[in-house]
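*Asks:* The structure that follows is given in the form of structure tokens.
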Amino acid sequence: MKASEFRQLSVDELNLKHKEMKEELFNLRFQHEVGQLENSSRLMHTKRDIARIQTVINEKNIELRQL
């Protein structure tokens, strides 16, 4: 997903999405270690999505503090 798509979500939805992505990353790492992961680039994309989510959460928290 793009950061602009994440910005449309609420903080609660972002936190839920963050939790889901962390679980997906765990599963991908496990599959990679066992040798079942066919597309290893999914690891990189998942990590980047997690970083995007964290960035948007931080931006929204800063906006709330400034109000």
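*Asks:* Report ³J(HN,Hα) in whole Hz for each residue of the stretch 54-67, in order, from the Karplus equation J = 6.51 cos²θ - 1.76 cosθ + 1.60 where θ = phi - 60°; Gly and Pro get x.
*Replies:* Result, ordered by residue: 4, 5, 5, 4, 4, 4, 5, 5, 5, 4, 5, 5, 7, 6 Hz.
*Asks:* Could I ask something else about it? Loop only by DSSP, 15 or fewer other Cβ within 10 Å of the Cβ. Give me the trypsin sites (Lys or Arg not before Pro) in the chain that pass, ordered by residue number. Before the final figure, lay out each step's value.
*Replies:* On the way: sites: K2, R7, K17, K19, K22, R29, R42, K47, R48, R52, K60, R65; in loops: K2.
In loop regions of the chain (DSSP not H, G, I, E or B), the sparsely surrounded trypsin sites (Lys or Arg not before Pro) are K2.
*Asks:* Based on the Cβ-Cβ distance from E5 to I62, what FRET efficiency comes out when R0 is 22 Å, to the nearest 0.05? Walk me through the numbers before you get to the answer.
*Replies:* Values: r = 20 Å, r/R0 = 0.89.
Plugging the Cβ-Cβ distance into 1/(1 + (r/R0)^6) gives 0.65.
*Asks:* Across the stretch 35-44, in residue order, what do the Karplus-derived ³J(HN,Hα) couplings come to in whole Hz, using 6.51 cos²θ - 1.76 cosθ + 1.60 with θ = phi - 60° and x for Gly and Pro?
*Replies:* x, 9, 7, 7, 10, 6, 5, 4, 4, 5
*Asks:* Can you run phi through the Karplus equation (6.51, -1.76, 1.60; θ = phi - 60°) for the stretch 9-23 and list ³J(HN,Hα) in whole Hz, with x for Gly and Pro?
*Replies:* For the stretch 9-23, the Karplus-derived couplings read 8, 7, 4, 5, 5, 5, 5, 5, 5, 4, 4, 4, 5, 5, 5 Hz, x marking Gly and Pro.
*Asks:* List the residues, sorted by chain then number, that are 5 or more residues from L37 or on another chain and whose placed amide H is less than 5 Å from its amide H.
*Replies:* Here the answer is H32, since their amide H atoms fall under 5 Å of that of L37.
*Asks:* Please compute, over every Cα-Cα pair in the chain, the percentage with a separation greater than 18 angstrom. Spell out each step's value before the answer.
*Replies:* Working: 934 of 2211 pairs.
Pairs farther apart than 18 Å: 42 percent.
*Asks:* Under a cut-off of 13 Å between alpha-carbon atoms, report the aspartates and glutamates in cross-link reach of K19, not counting same-chain residues fewer than 8 places apart.
*Replies:* Within the straight-line limit of under 13 Å, K19 reaches these aspartates and glutamates: D49.
Where a number appears in this text, it was derived from the coordinates with a stated rule and is not lab data. Everything numeric in this text was worked out from a predicted model, so none of it was measured. Please note: Cβ atoms are built from the backbone with ideal geometry, for glycine as well, and neighbour counts cover all protein chains shown.
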